[in-house]
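The values are calculated or read from the model by the stated rules, or taken from the named source; none is laboratory data. The model shown is predicted, which means the values in this text are computed figures rather than measured ones. Please note: Cβ atoms are built from the backbone with ideal geometry, for glycine as well, and neighbour counts cover all protein chains shown. Please note that ligands, DNA and RNA were not included when accessible areas were found on the heavy atoms of the full protein model with its side chains. Shrake-Rupley method; radii C 1.70, N 1.55, O 1.52, S 1.80 Å.
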Amino acid sequence: MTTAGFLNLNKPSGWTSHDCVGRLRRLLRTKKVGHGGTLDPAATGVLPIAVGRATQLLRFLATDKAYHAVIRFGLTTTTDDLQGTLVEQCSATDVTLEQVTSILPRFLGSIAQVPPRYSAIQVHGQRLYELARQGKPVEIPTRQVTVHSIEVLDWQPGEAPELTLAIACGPGTYIRALARDLGQVLGSGATLSALTRTRSNGFHLDDSLTLDQVERQLAENRLSLIAPAAMLTHLPAITLTGDAARRFCHGQKLSLEQAPVAAGRPLRVLNQTNELLGIAQIRSQTSGYQLKPERVMVAPPQGASVHQP
């Protein structure tokens, strides 16, 4: 099995993202395991996992996400999902699908969102959930997030109607907050009753593996990690040859006459055989540009001489 790469994990309900990392560290017998895009314990679905040197690449993965969310009307909770303490409950039989669909467009595009009180966002150096558990009042900063699309998948009327949505969104979007806000607009209250992430950081639910499947494939010696290069194709690329490639692998900055991308934007660095050497950024200089290594994934050949500029 390759010692560096990614796993597309299907997180089970009741497990924290950290629980999953701990289990995989034991299964893979390495401490170098990390995850991208934390999922709440009750949520299921795609949890990107990086192993070995691929942990250095998590922040360069694609950022968009997608979910299937079940929203229950007629109740509100302290956490904006069913894991919290009930705050208020009422009959919501008068809420109709037509009412819901008429206001969904308000939640599309770039929207202002107040994260749940029980979330991992830091305020004054402390996590919001820590402050909430301590009962400390805190002003939660509004964040600008992007919702690309919302599609109604199912509607179950009744005392506590349930709406199932397919949501595609940008990073930092809280589906719990979207459920809460939808209930506030309707005046009935609402909370998130179930959540499955169907896409995250370029990984899709259809291709994911459960923890049991990972363990079984390991036992059968057929688990293959996803090559880092395969998950970075959304980034622009630059190809280096000969001495320039060797210098990059030594972590040296390179001078360029022209910039292939805007300054500050990450790009893949490849060699002549399309092997991923690492990630770099472009920096503007007084004359020309500079290619600055951010992450070097390939060690330089032993004994290779490097030309100094």
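Taking region 2-51 only, how many residues are at positive phi and open to solvent by 10 Å² or more (accessible area, probe 1.4 Å)?
Here the count works out to 3.
How many of the residues in region 207-219 are small (Gly, Ala, Ser) and not in a helix (DSSP H, G or I)?
Residues that pass the stated criteria total 1.
Across region 62-80, what is the number of residues that are under 24 Å from Glu294 (Cβ atoms) and surrounded by fewer than 21 Cβ atoms within 10 Å (Cβ to Cβ)?
3
Mind listing whichever residues of region 264-281 are under 10 Å from Met297 (Cβ atoms) and surrounded by fewer than 20 Cβ atoms within 10 Å (Cβ to Cβ)?
Selection gives Glu275, Leu276.
Tell me which of these Arg222 doesn't satisfy, since it passes every other one: (1) in the same structural domain as Leu47 (by the TED database); (2) not in a loop (DSSP other than H, G, I, E, B).
If we test Arg222 against (1) in the same structural domain as Leu47 (by the TED database); (2) not in a loop (DSSP other than H, G, I, E, B), just (2) comes out false.
Pairs under 6 Å by beta carbon, first residue surrounded by fewer than 13 Cβ atoms within 10 Å (Cβ to Cβ) in region 81-106, partner part of a helix (DSSP H, G or I), six or more apart or different chains?
Short answer, once both residue conditions are applied: Ile103/Val185.
If we scan region 113-129, do we find a residue that is modelled with pLDDT under 95, in a helix (DSSP H, G or I) and either over 18 Å from the mean Cα position of the chain (by Cα) or assigned by the TED database to the domain that holds Gly37 (or both)?
Yes, some residue in region 113-129 is modelled with pLDDT under 95, in a helix (DSSP H, G or I) and either over 18 Å from the mean Cα position of the chain (by Cα) or assigned by the TED database to the domain that holds Gly37 (or both).
Search region 231-243 for residues being out of contact with any His (no Cβ under 6 Å at 6 or more places or on another chain) and not in a loop (DSSP other than H, G, I, E, B), and hand back the single one that is surrounded by the fewest Cβ atoms within 10 Å (Cβ to Cβ).
Filtering first and then ranking leaves Gly242.
Among Gln290, Gln217, which is the only one that is modelled with pLDDT of 95 or more and open to solvent by less than 70 Å² (accessible area, probe 1.4 Å)?
The unique qualifying residue is Gln217.
Being loosely packed, with under 12 Cβ neighbours inside 10 Å, at pLDDT below 85 and of a type in the set (S, T, N, Q) is the requirement here; does Gln144 meet it?
Considered against the rule, which asks whether it is loosely packed, with under 12 Cβ neighbours inside 10 Å, at pLDDT below 85 and of a type in the set (S, T, N, Q), Gln144 comes out as no.
Could you count how many residues in region 244-289 are in contact with a helix residue (DSSP H, G or I) (Cβ under 6 Å, 6 or more places away or on another chain) and part of a loop (DSSP other than H, G, I, E, B)?
1
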